[in-house]
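S.K.: First the structure, which I've put down as C-alpha cells, then a few questions once you've had a look.
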Amino acid sequence: MEELNSQSETSESRDFFTILASRGVDFLLSAEDKVPLSSCDGKIICLFFSANWCRPCKTFAPQLVQLYNSLKGDDKKLEIVFVSFDRDEEGFNEHFKCMPWLAVPFDVDLHRQLSNVYCVHRIPSILSLGPDGIRIEDDLIEMIEDYGSEAFPFTRKRREELRAIDEVKRQGGRLEELLARRGRDYVISRNSTKMLVSELVGKIIGLYFGAHWCPPSRAFTSQLIEVYNELRATKDGCLEIILVSTDRDIKEFNTNLSNMPWLAIPYEDTTRRKDLCRIFNIKGIPTLVIIGEDGKTRSRDARGMISSYGANAFPFTKQRVSEIEAALKREGDALPRHVKDIKHEHLLKLDMAKAYVCDCCKRQGKFWTFSCDVCDYDLHPGCVEESCIVFGRRC
C-alpha cells in the first residue's frame, strides 16, 4: 500500500454528508451523470480512497468491482463512493471510468479534508459508514481480501463472526465443511479423477500447502512422496494428502500435481484455496497441516516432523514426537561419550545430526554420530569397531 502524509482533524464526529454539505456539494458522480446524495439513504456506504497513480490501488480495484457487482446482484443495501487521491482531474477520470459505483466530485481540498477526518494514511483504503454517514469500521481492505462478499455488512461484529467461524474450522471436526463448498463436494487426483470429500472422513489428512515455483516445496515434495508411499503401504491407506496449491497459474499447478501421488483442491476453486491458507494462517510454503481421524487439527508443523523423523513420525502427534525423542535419548545414553578411531587422528565425540554420511561405511546416517571437532569426519555408532578405543580402553 502507498503511505500518505495527512494531519488528523478534530472533527472525527462529523459525518460524511455534513462534510460534503459544508463544501457546497449536494451530489455524487456516477458513470452517466450526477446523483443526489439521497441515493445513499438507508445504505451501508464504503468510502474507497484510491488513486490512478497507485499500483496497489489498480490491482485491488478489479476485486472490489467483483465484490460490488455480487452484492448489488443480491440486492444488498450497499454503495461504494470513490474518494480520489489523484493529483489532477485527468487521473481522476481515468481511474473512475473503471468503477461501477459513485464518486465524490474531483476537488483536491475536499478529498484532503475527507482523508484527514477519517484518518486515512495509506491507499488503497476502504472505510464503512452507516446509513447516517458515521464510520462503523476501520480499513476493510484485508477483510475484503480474506472474505469477499461474506464480509458484508462490513461491521466490527461481522469481522468477529467471521474470525470465530475460522477458529471453529481450524479446530476442526467437520472435514466436509473444511474442504468442500457449495457446488464442489470432491477433490481431484493427478489424472483428474474425482474423489468425494465424504470418502475421506475417518482418515488422517495432510493439507499440503506448496507450489512448483518454490524450490523448498519441490525438495520437500520428494521427501513427502517417500514417506507417503511407505505409509500407504504399511498403514493400510489410512493417510491421504491433499495439495492446496499456491501455484501462479493452472499450467504450474498441473505440472506440480503430475509429480504427486495424492489429491488436490481443484485449482479453479480459488476461494477455497485462499480460505484454507487464511484458516491455518499459512505464512510460508511448504507447510503440512495434519487433520486427525476425528476431523480435528492435529499438527500445523508436520513438515518439521517429517523432515526430522520421516515416516517414523506417524501419526504426527506431539505424543509420537515425545516417544521418538525419548527413544533417541535412551539410545544416546547407552553410547560412550567419546571414541578414538585408529584410522582417524582426532578424538571423536558423540553428537546429534539431522543427516550425515559415515566416513567408514559411506552410508547416510541420522541422529547419533561420532564426529570430529577438527575436521569433517563422521562415524556411525554401528561402525565403532574393535579398533576403536572408548574412553582410553579397548571396545
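S.K.: Check every one of the strands (runs of 3 or more DSSP E) wholly within region 21-73 and list those with 1 or more residues that are at pLDDT 90 or above, touching a Pro at 6+ places or on another chain (Cβ under 8 Å) and of a type outside the set (Gly, Ala, Ser).
M.R.: Values: elements: 27-29, 34-36, 44-50.
In region 21-73, the matching strands (runs of 3 or more DSSP E) lie at 27-29, 44-50.
S.K.: Under 7 Å between Cβ atoms, which residue pairs at least 6 apart in sequence (or on different chains) link something in region 351-371 that is in contact (Cβ under 8 Å) with a residue 12 or more places away in the chain and among the acidic types (Asp, Glu) with a partner that is assigned to a strand (DSSP E or B) and open to solvent by less than 80 Å² (accessible area, probe 1.4 Å)?
M.R.: Taking only residues 6 or more apart or on different chains, the pairs are Asp351/Thr369; Asp351/Ser371; Asp359/Asp378; Asp359/Leu379.
S.K.: Could you look through region 73-86, keep only residues that are over 14 Å from Pro105 (Cβ atoms) and in contact (Cβ under 8 Å) with a residue 24 or more places away in the chain, and pick out the one that is surrounded by the fewest Cβ atoms within 10 Å (Cβ to Cβ)?
M.R.: Within region 73-86, the first condition is being over 14 Å from Pro105 (Cβ atoms), and the residues that meet it are 73-80, 85.
Still in the running and in contact (Cβ under 8 Å) with a residue 24 or more places away in the chain: 74, 76-80, 85.
Numbers: Asp74: 10, Lys76: 15, Lys77: 15, Leu78: 21, Glu79: 21, Ile80: 23, Phe85: 24.
Once the filter is applied, the top-ranked residue is Asp74.
S.K.: Condition test on Arg156, is it surrounded by fewer than 18 Cβ atoms within 10 Å (Cβ to Cβ) and under 19 Å from Leu127 (Cβ atoms)? Don't jump to the end; show me each part of the working.
M.R.: Details: surrounded by fewer than 18 Cβ atoms within 10 Å (Cβ to Cβ): yes; under 19 Å from Leu127 (Cβ atoms): yes.
It is true that Arg156 is surrounded by fewer than 18 Cβ atoms within 10 Å (Cβ to Cβ) and under 19 Å from Leu127 (Cβ atoms).
S.K.: Here's another thing I want to ask about it. Among the aromatic types (Phe, Trp, Tyr), open to solvent by 20 Å² or more (accessible area, probe 1.4 Å) and either within 22 Å of the chain's Cα centre (by Cα) or modelled with pLDDT of 95 or more (or both): is that true of Tyr208 in this structure? Show your work before the answer.
M.R.: On the way: among the aromatic types (Phe, Trp, Tyr): yes; open to solvent by 20 Å² or more (accessible area, probe 1.4 Å): no; either within 22 Å of the chain's Cα centre (by Cα) or modelled with pLDDT of 95 or more (or both): yes.
Here the answer is no, as Tyr208 does not meet what is asked.
S.K.: Sticking with this structure for a sec: Within region 212-228, can you find the residues that are hydrophobic (A, V, I, L, M, F, W, C) and surrounded by fewer than 19 Cβ atoms within 10 Å (Cβ to Cβ)?
M.R.: At the first step, the residues of region 212-228 found to be hydrophobic (A, V, I, L, M, F, W, C) are 213-214, 219-220, 224-225, 227.
Trp213, Cys214, Ala219, Ile225, listed by residue number.
Let's see how each residue does on (1) in contact (Cβ under 8 Å) with a residue 12 or more places away in the chain; (2) touching an Asp or Glu at 6+ places or on another chain (Cβ under 8 Å); (3) farther than 25 Å from Ala21 by Cβ; (4) of a type in the set (A, V, I, L, M):
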| site | (1), (2), (3), (4) |
| --- | --- |
| Val65 | yes, no, yes, yes |
| Asp88 | no, no, yes, no |
| Phe92 | yes, yes, no, no |
| Cys98 | yes, no, yes, no |
| His111 | yes, no, no, no |
| Leu127 | yes, yes, no, yes |
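S.K.: Could you run through region 281-302 and say how many residues are under 10 Å from Ile205 (Cα atoms) and of a type in the set (S, T, N, Q)?
M.R.: Counting residues in region 281-302 that are under 10 Å from Ile205 (Cα atoms) and of a type in the set (S, T, N, Q) gives 1.
S.K.: Only residues that are in a helix (DSSP H, G or I) and not β-branched (Val, Ile, Thr): list them for region 251-268, please.
M.R.: Listed by number, the residues that qualify are Lys251, Glu252, Phe253, Asn254, Asn256, Leu257, Ser258.
S.K.: A further question on this structure: Tell me the residue from Gly202, Gly148, Gly172 that is open to solvent by less than 40 Å² (accessible area, probe 1.4 Å), out of contact with any Pro (no Cβ under 8 Å at 6 or more places or on another chain), closer than 26 Å to Tyr309 by Cα and small (Gly, Ala, Ser), please. Even if it seems obvious, please write down each step before you answer.
M.R.: Values: Gly202 fails: open to solvent by less than 40 Å² (accessible area, probe 1.4 Å); Gly148 fails: closer than 26 Å to Tyr309 by Cα.
Among Gly202, Gly148, Gly172, only Gly172 is open to solvent by less than 40 Å² (accessible area, probe 1.4 Å), out of contact with any Pro (no Cβ under 8 Å at 6 or more places or on another chain), closer than 26 Å to Tyr309 by Cα and small (Gly, Ala, Ser).
S.K.: Then there is this: Is it fair to say Cys98 is open to solvent by less than 50 Å² (accessible area, probe 1.4 Å) and either part of a strand (DSSP E or B) or out of contact with any Gly (no Cβ under 8 Å at 6 or more places or on another chain) (or both)?
M.R.: Values: open to solvent by less than 50 Å² (accessible area, probe 1.4 Å): no; either part of a strand (DSSP E or B) or out of contact with any Gly (no Cβ under 8 Å at 6 or more places or on another chain) (or both): yes.
Judged against the criteria, Cys98 is not a match.
S.K.: I'd like the full set of residues that are buried (at least 16 other Cβ atoms within 10 Å of the Cβ), closer than 20 Å to Arg170 by Cα and of a type in the set (Lys, Arg), limited to region 296-322.
M.R.: Scanning region 296-322 gives Arg298, Arg300, Arg303.
The values are calculated or read from the model by the stated rules, or taken from the named source; none is laboratory data. It should be emphasised that the depicted structure is a prediction, and the values quoted were computed from it without experimental measurement. Glycine gets a Cβ as well: all are built from the backbone with ideal geometry, and neighbour counts include every protein chain shown. Surface areas here come from the heavy atoms of the whole protein model, side chains and all, with no ligands, DNA or RNA. Shrake-Rupley method; radii C 1.70, N 1.55, O 1.52, S 1.80 Å.
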